[in-house]
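Each remark here refers to the structure printed beneath this line.
Nothing in this text is a laboratory measurement; each read-out follows from the coordinates by a stated rule. Bear in mind the structure is a predicted one, so any value in this text is a computation, not a measurement. So basically every Cβ, Gly included, is an ideal-geometry build from the backbone, and we count neighbours across all protein chains shown.
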Amino acid sequence: MLPLMREGGRMTGGSERKTILVGLILALVLGVAVYLRLWTIDYTLSSDDTERLRRQFDLANREAMDESAEWRRMFDSEAEKASKCNTELALIKESSGNGNAFTLNQKKMRRCSIR
């Protein structure tokens, strides 16, 4: 059935309203479809980002623990050197009554110097 035309070339009655209503409904459906598509894209990216952030955090945590272990190893090494020097210094103080205490002291201090 063809719509009735007025003299001005416009459609008569409710058919103009129906055309506008169909256009609005079509625009609404397309808008919702675009919104849902963008939402799924964003959701996919954000779930990938979560996994990537977790991996980066794990890597940073392992690196920090390795660095901490390295510093602890260096501290233990220096503490062992200091303990050895203190022990030798105590021996030097005990043997200071001997005539060769100065020579012995010089030898021990050279060994305990920080390298």
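Measuring from label point to label point, each 7 Å out along Cα→Cβ, what is the Lys84 to Ala27 span in nm? The answer from the label model is 8.5 nm.
Here's the list of aspartates and glutamates a cross-link from Lys84 could span, going by alpha-carbon distance under 20 Å and ignoring same-chain residues fewer than 8 apart: Asp76, Glu94.
Tally Lys and Arg at +1 and Asp and Glu at -1 over the other residues with C-beta under 12 Å from the C-beta of Ala69: what net charge comes out? After counting each charged neighbour, the total is -2.
In this rough spin-label picture, where each label sits 7 Å from Cα along the Cβ direction, the Ala64-Ser15 distance is 7.3 nm.
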